[in-house]
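The values are calculated or read from the model by the stated rules, or taken from the named source; none is laboratory data. Everything numeric here is computed off the predicted structure, so don't read it as measured data. Using ideal geometry, Cβ is built from the backbone for each residue, glycine included, and neighbour counts are taken over all protein chains shown.
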Amino acid sequence: MGFWAAVWDLLTTSDHKKVGMIYLVTSFVAFGLSGLMAVAIRWQLAGPERQFLVGDAYNQVLTLHGATMLFFFIIPAGLSGFGNFILPLMLGERDVALPRINAFAAWLFVFSAALLYTSLFFGGAPDVGWTFYYPFSRTTGLGTDFFMMGVLLVGLSSLLGAANFAATVYNLRAKGMGLWKMPIFVWAIFATSMLSLFALAGITAASLTVLLSRKLGLSLFDPVIGGDPVLFQQFFWFYSHPAVYIMLLPYLGIAAEVSSTFARKPVFGYRFMVFALVGIAVVGFLVWAHHMFTVGESLLFQLVFVFFTVLVAVPTGVKIFNLLGTLWGGQLDFKTPLLFVMGFMFNFLLGGITGVMLAVVPFDYQVQDSYFVVAHFHNVLMAGSGFLAFAGLYYWWPKITGRMYPEFWGKVHFWLFLVGYLITFMPQYVLGFLGMPRRYYTYPDGLYLWNELNFASTVGAVILALGGIAWLIAMVQSFRQNVKAPDNPWGGYTLEWATSSPPPSYNFAVQFPTVFKSERPLYDWEKEGLKPTPVDPATIHLPAPTVWPFMTAVGLLITGIGISLAPNLGNAPVGGVAGWGGWLAVGLVLFIYSLFQWALRKEYDHPVVHHTVTGKSNAWVGMAWFIVSEIALFGILIAGYLYLRLTGAAVPPEDHRPALWLALLNTFFLVASSFTVHYAHHDLRTNKFSPFKLGMLISILLGVVFFLFQIWEFAIASGHYVEALNAAGQSEAAQKAALWFTAFFLIVGLHGAHVLIGGTGLALAYAQGLAGKIDSHEQGTLEGSSMYWHLVDAVWLFIVTIFYIW
Amino acid sequence: MLQRSLGLIVLLLLGLVLAAEPGQAGGHTLNILDRDASAFNREVRGLLVWVMGFAALVFVVVTGALVYVTVKFRRTGKETGEPEQLHGNDRLEVAWTVIPTVIVLIIFGLTAQSMFKLDRPTPGAMVVEVRGWQFWWDFHYKDYGVRNSNELILPVGKPVRFEITGGDGTNYDVIHSFRIASMVGARDAIPGVVTHIEVTPEKIGTYYGQCVELCGASHANMRFRVKVVPQEEFDRWIEGARAFQAAQPTDPTLVRGQELYKQQCAGCHALKGVSQGAPSNPDLTFFGNRTTVGAGMWPNVPEYLEPWIKNSPGMKPGVKMPAFPNLSDEDVKAIAAYLMSHKVEGLDFSKLEKF
């Protein structure tokens, strides 16, 4: 295959392995890049008052380092990278549930990283820290707009990816593999996907509101109209703490697989491992405010979060003890992956201990935003999850590339990383005790031990960089030496080792035995003498390649650039780079066009029969899980509104309230359209095409009428909003009305956007109907979009209640 | 190889812990656990003793197991057959769930107890309103109607309640966080919100204040100093400050300085009896008493003060004060001398330890 043919193949593929590769390559490149930024940061801090990176330049590097490491390395590498490549193999399947959505999500992920870095060409990267606290994030330059757009897009990508994983685990498992026979890694990906779907709304709400505050001046957090800046932090950490577990759980899965394989034993306490995973995922939702102990919340509020914060240490500890149990009594083969797991256990232990220390609130007051915290989260994320990302990379390298790697260089890499890590970060704990705050680009000479410890830390960073070089050598040497990897080089027990290295596009040309005694099918089958039966690869059909998911993502990238460059009519410094409208128009047209092209291309060229475990279609299960995230998004924003309303900060204006009769009329349209969609869907299932098409058309038109009425309503309301805003300085009632209007536009407007998205979904199904692409058997996007439309309807009923009636 | 490295690591850790004990050499020590400075620090120390005790226990058990596993179960190549295929042990699972639960519940109880203790307001505490601005601190002694920027004078042994906000309640700034290292923990300065923390300083001396929430280009340059002085000295200062009115200068340099001040500085800065300024800029009234310039950045001596007046953006990125390239060196010297002439007489805070 020539170079361009290979590129075209990549752009059009929906093969989960290639999709996994897109994630893996992007995220490990991101690791290297932001690792270099970390070295730059340490270079600036090697001594007092250095001039290498000063002020804003430092803050930009700091922000890019954090954002890139978190959003583009540690979250995706394990979940999306190894998850995509390995999970379907472990399940003994040919593909994921939603292969084209999956490819789209991968490109969207790549482009959101690209969007973040595009800011460099328009006046500089974001400099607000990866946490983009409000109101700081509305006072800064254009880089922040790109950052917010990037976060929104990467969030959408994560949600689609997570819904796909959830649907895959639900629907696609080798015949006979029950939930309790899935490998731990699959459980880990499953639990992580749940977490993403429930939690991601927090950061979507946070970044959306900051973007709207900058672009349109709509802000729930603005103290000028009585908003609460702390509410931003509630939104932000509602995601960003569970995100810590999104950054951890997939890697704990890797640790379990590696330990079991290299100890030649089953995982110890399989069920408890799963309970612990799920326990972490559940308790992880109730700890977010431990990032906010210094914002002055009430004692009771703080205590609740202390309680759950210390409690989450228990299931985390159970994971570690079970890993130890897995190794205990084994025949440990200290290859590079196992070394990284050992390094992880030691470092994660330190990170866990210091984490419990940080839950001791009076101590937390003292070390809030100090180097103690920096050392703690690097202990957990870098030498914790990061080490396990490398364990996974070396473990599956032969499977992914088809080549062995040089063990020597892998080990050099490990030791340099371990030693470099400890020398970099142990001094930082001490610096925390000695009063050094984080995110400082400079420090004065003459504070006890600051110079020495900072210098040591920089030396450690240089050793880490050398470790990075050893890693590169290991990879390059692997390709140069070209030692062919056998199917199962480590004696692994799970199904990814039951195919060639690298696996063929169809993964397996066999029918597996249907007896699963434990989570180690290969071990059990060997004991019982069961063998897979060969299948003729010519009878296997895979999804047809299509470039349109890729093009749709390109459309969103260009749209994102357009929105980022648009003028800031809100409080932020004026943006409005010439040509923004062009970017936006081109982006939107390309997006819509590609989306329709995608919808009009059938997934398979050949008629295929899908067998799913649940009996529900993949689209149905995927959309059901996606809807969880939509409910969470409205839930979190509405919770914010309720808070402002119940504390009396937001009060609807007596005389200029949006009209209830209009809302009720709109309710009628929307509810009616839900019925027409339902009947249209029913008609399709019973092969009545004409009524189906008519029903779809009527539904779409009802949606359009709703939308037009809403625009009219918004036009009127915006006049009253501006009035209230202008009077906010003089009158308390006007101030409260302004905040109420802000919430109104934000939440009702977001619902309006959902009407638009849902209507587009219906239009896609309608277009498929007109083109004769769907029938009772192959329902295209209708299953998903009708379900989504019902959601839009249900949310509207809530909105009428809390905005028009209450 | 692994054992030796682990040994090395333990040694390294020990060394670091020992190094953390405040020593004699190497400049001023910031020590967040300074037991002599405040009851707050002693409370934190008391908690840490417990936590570190449990931490040591957990650390020893887990690293011990790690080392044991590494040494004992390393593959030798001489094994025959597979290791015992053990799938788990329910008793062990219960043990390592229950024991950590008990430990964390004890830690929770101690923490809660301590939080209640620290949260109790002290009657009769002196109220100081703290306002965070990009990139400096403003202090208002509410009980006395005295304002001072970037330097906080506190009497020893007297409880003080800080009421902290971002901006001044009308003009809003970004979020900052107020921390006096070595004395009391951080509390955020949030626009539109008033937070508070209390402490009783117990040791006379200079303390180092910091901003600990990322707030912009000069987040690292947003410091302040706290001078904890005897009650008698504090009383003299606060009385002098309340009675203060800027005198009309007679010295020709100071007259020139005053003229320039009124032209160039008075629009933004307050100087009691001379200019109102705006609340979003530092008060310059007691400049002659200040030990630092540029928000706790440099010693308040002409060597730093003069270039600061002329070109502060060149010294501190993102600072809102513009450069004054039109001022001659003489002009700058005159302004500096004029500023330094304003002070409460008979006080010298620079005799406290400097850093």
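For the reader, a short list of remarks on this structure follows.
- Selection within region A:445-483 - in contact with a Ser or Thr (Cβ under 9 Å, 6 or more places away or on another chain), assigned to a helix (DSSP H, G or I) and within 14 Å of another protein chain (Cβ to nearest Cβ): A:ALA456, A:SER457, A:VAL459, A:GLY460, A:ILE463
Table: residues versus (1) modelled with pLDDT of 95 or more; (2) within 21 Å of B:ILE153 (Cα to Cα).
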site: B:ALA278; (1), (2): no, no
site: B:PHE286; (1), (2): no, yes
site: B:ASN289; (1), (2): no, yes
site: B:GLU306; (1), (2): yes, no
site: B:ASP331; (1), (2): yes, no
site: B:LEU339; (1), (2): yes, yes
site: B:SER350; (1), (2): no, yes
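- In the set A:GLU49, A:GLU93, only one residue is of a type in the set (Asp, Glu), over 23 Å from A:ILE189 (Cβ atoms) and not in a helix (DSSP H, G or I); that residue is A:GLU49.
- Every residue from region B:251-294 that is over 23 Å from B:TYR172 (Cα atoms) and acidic (Asp, Glu): B:ASP251, B:GLU259
- Filtering region A:342-352 for residues that are farther than 29 Å from A:PRO398 by Cα, touching a residue at least 40 places away in the same chain (Cβ under 8 Å) and facing another protein chain (nearest Cβ under 7 Å) leaves an empty set.
- Members of region B:313-331 that are in contact with a Pro (Cβ under 8 Å, 6 or more places away or on another chain) and assigned to a helix (DSSP H, G or I): B:PRO313, B:GLY314, B:MET315
- Members of region B:41-52 that are more than 7 Å from chain A (Cβ to nearest Cβ) and of a type outside the set (S, T, N, Q): B:ARG42, B:ARG45, B:GLY46, B:VAL49, B:TRP50, B:MET52
- Condition check for A:VAL304: buried (at least 24 other Cβ atoms within 10 Å of the Cβ), in a helix (DSSP H, G or I), of a type outside the set (Ser, Thr, Tyr) and on the phi < 0 side of the Ramachandran plot: no
- Condition check for A:PRO502 on (1) more than 14 Å from chain B (Cβ to nearest Cβ); (2) buried (at least 22 other Cβ atoms within 10 Å of the Cβ): one failure, at (2).
- First in region A:771-790 and touching a residue at least 40 places away in the same chain (Cβ under 8 Å), second anywhere and hydroxyl-bearing (Ser, Thr, Tyr) and part of a loop (DSSP other than H, G, I, E, B), Cβ under 8 Å, 6 or more apart: A:SER776/A:THR686; A:GLN779/A:SER617; A:GLU783/A:SER617
- Set side by side, the residues A:THR13, A:THR68 differ, and just one is closer than 23 Å to A:VAL128 by Cα and buried (at least 23 other Cβ atoms within 10 Å of the Cβ), which is A:THR68.
- Residues that are free of Cβ contacts under 8 Å to residues at least 12 places away in the same chain and surrounded by 14 or more Cβ atoms within 10 Å (Cβ to Cβ) occur at least once in region A:699-719.
- Only one entry in B:LEU254, B:LEU305 is touching a residue at least 40 places away in the same chain (Cβ under 8 Å) and of a type outside the set (S, T, N, Q), namely B:LEU254.
- The residues of region B:30-40 that are at the interface with another protein chain (Cβ under 9 Å from one of its Cβ atoms) and without any contact (Cβ under 8 Å) to a residue 24 or more places away in the chain amount to a single one, B:LEU33.
- Evaluation of B:GLY109 against (1) free of Cβ contacts under 8 Å to residues at least 24 places away in the same chain; (2) facing chain A (nearest Cβ under 9 Å) (one fails), failing number: (2)
- Per-region count, region B:155-195, residues within 16 Å of the chain's Cα centre (by Cα) and more than 7 Å from chain A (Cβ to nearest Cβ): 14
- Scan of region A:525-566 for residues that are without any contact (Cβ under 8 Å) to a residue 12 or more places away in the chain and in a helix (DSSP H, G or I), ordered by number: A:GLU526, A:LYS527, A:ALA538, A:THR539
- Look at (1) β-branched (Val, Ile, Thr); (2) closer than 20 Å to A:PHE221 by Cβ; (3) in a helix (DSSP H, G or I) and you find that A:ILE101 fails only one, number (2).
- For region A:248-285, a tally of residues being part of a helix (DSSP H, G or I), among the hydrophobic types (A, V, I, L, M, F, W, C) and within 22 Å of the chain's Cα centre (by Cα) returns 13.
- Among (1) surrounded by fewer than 16 Cβ atoms within 10 Å (Cβ to Cβ); (2) under 22 Å from B:PHE139 (Cβ atoms); (3) without any contact (Cβ under 8 Å) to a residue 40 or more places away in the chain; (4) not small (Gly, Ala, Ser) - the single one B:VAL274 does not satisfy: (1)
- Restricting region A:118-132 to residues that are β-branched (Val, Ile, Thr) and within 8 Å of chain B (Cβ to nearest Cβ), the residue that is surrounded by the fewest Cβ atoms within 10 Å (Cβ to Cβ): A:THR131
Yes/no per residue for (1) over 24 Å from A:VAL609 (Cβ atoms); (2) surrounded by fewer than 16 Cβ atoms within 10 Å (Cβ to Cβ):
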residue	(1), (2)
A:ARG520	yes, no
A:ASP524	yes, no
A:LYS531	yes, yes
A:ASP536	no, yes
A:LEU557	yes, no
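- The residues on offer are A:TYR441, A:TYR421, A:TYR395, and the sole one that is buried (at least 23 other Cβ atoms within 10 Å of the Cβ) and not in a helix (DSSP H, G or I) is A:TYR441.
- Options A:LEU702, A:LEU642, A:LEU697; residue that is of a type in the set (A, V, I, L, M, F, W, C), under 27 Å from A:LEU231 (Cβ atoms) and at pLDDT 95 or above: A:LEU642
- Any hit, region A:766-775, residues being of a type in the set (Asp, Glu), modelled with pLDDT under 95 and under 25 Å from A:LEU569 (Cα atoms): no
- Residue match in region B:112-131 (condition: touching a helix residue (DSSP H, G or I) at 6+ places or on another chain (Cβ under 7 Å), farther than 30 Å from A:THR309 by Cβ and part of a loop (DSSP other than H, G, I, E, B)): no
- Test result for A:ARG42, assigned to a helix (DSSP H, G or I) and touching an Asp or Glu at 6+ places or on another chain (Cβ under 9 Å): no
- The set of residues in region B:196-223 that are more than 7 Å from chain A (Cβ to nearest Cβ) and among the hydrophobic types (A, V, I, L, M, F, W, C) comprises B:ILE197, B:VAL199, B:ILE204, B:CYS211, B:MET222.
- Looking across region B:93-106 at every residue that is facing chain A (nearest Cβ under 7 Å) and buried (at least 18 other Cβ atoms within 10 Å of the Cβ), the one that is farthest from A:VAL361 (Cα to Cα) is identified as B:GLU93.
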